[in-house]
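The values are calculated or read from the model by the stated rules, or taken from the named source; none is laboratory data. Source: prediction; values computed, not measured. All Cβ positions, glycine included, derive from the backbone under ideal geometry; neighbour counts span all protein chains shown.
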Amino acid sequence: MNTIASDGSIKLLFTGPVGAGKTTAIRAISDSPPVSTDVPWTEADGGSKTTTTVAFDYSSIRLDDSETLHVYGLPGQPRFNFMSAIIGRGALGAILLLDGSSPDIADDCIEHVRRLGQLFPGLGFVIGVVKTDLSPQFSIGMLYQVIQEMELSAPIFTIDPRHRAQVIQLVRALLLLVD
């Protein structure tokens, strides 16, 4: 069962494919520098992404005097799925980040929503789509259709993971969803 811990702490997950901005989003909302397990990415295509998370990212955010939000970024590569199962236990919900400039965004959405469902049945989630400014053909309606075809429902936002206020908006939406 996913609950708020007796000490008032809340565990949330950031998940999504490689390059979707999980590490960046966690850095944007953290009260202190996050713990990160980024290593050089040997499969990088020469773009701006040169590292990848192999275990997790972690940080905490003080919500008020009695509650602390613990955020964990799950690795995006499927070969590290075993870490997701370990890290995600007890999570209250998840934020799925997707790359709006990827031609595979629909497949990425399906893959990661299924992965969440397999690892954590019934876990509530919201979707944040990044890099939509790089893709004039991006359609949020297409993502809603993908989610509906999976017989699910989830709020979907376009965000910039570098902007604290936009990431906090996702966190708030998730907390409202699972409340």
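Of everything in segment 54-71 that is modelled with pLDDT of 80 or more and farther than 16 Å from LEU175 by Cα, the residue that is surrounded by the fewest Cβ atoms within 10 Å (Cβ to Cβ) is TYR58. Restricting the first member to segment 145-162 and to residues that are closer than 14 Å to PHE125 by Cα, and the second to residues that are of a type outside the set (Asp, Glu) and in a loop (DSSP other than H, G, I, E, B), the beta-carbon pairs closer than 6 Å and six or more apart or on different chains are ILE147/ALA154.
With respect to the stated conditions, SER84 fails to be at pLDDT 90 or above and either surrounded by 14 or more Cβ atoms within 10 Å (Cβ to Cβ) or in contact with a Lys or Arg (Cβ under 6 Å, 6 or more places away or on another chain) (or both). Name the residues in segment 137-152 that are more than 16 Å from LEU98 (Cα to Cα) and of a type outside the set (Asp, Glu), would you? Scanning segment 137-152 gives GLN148, MET150, LEU152.
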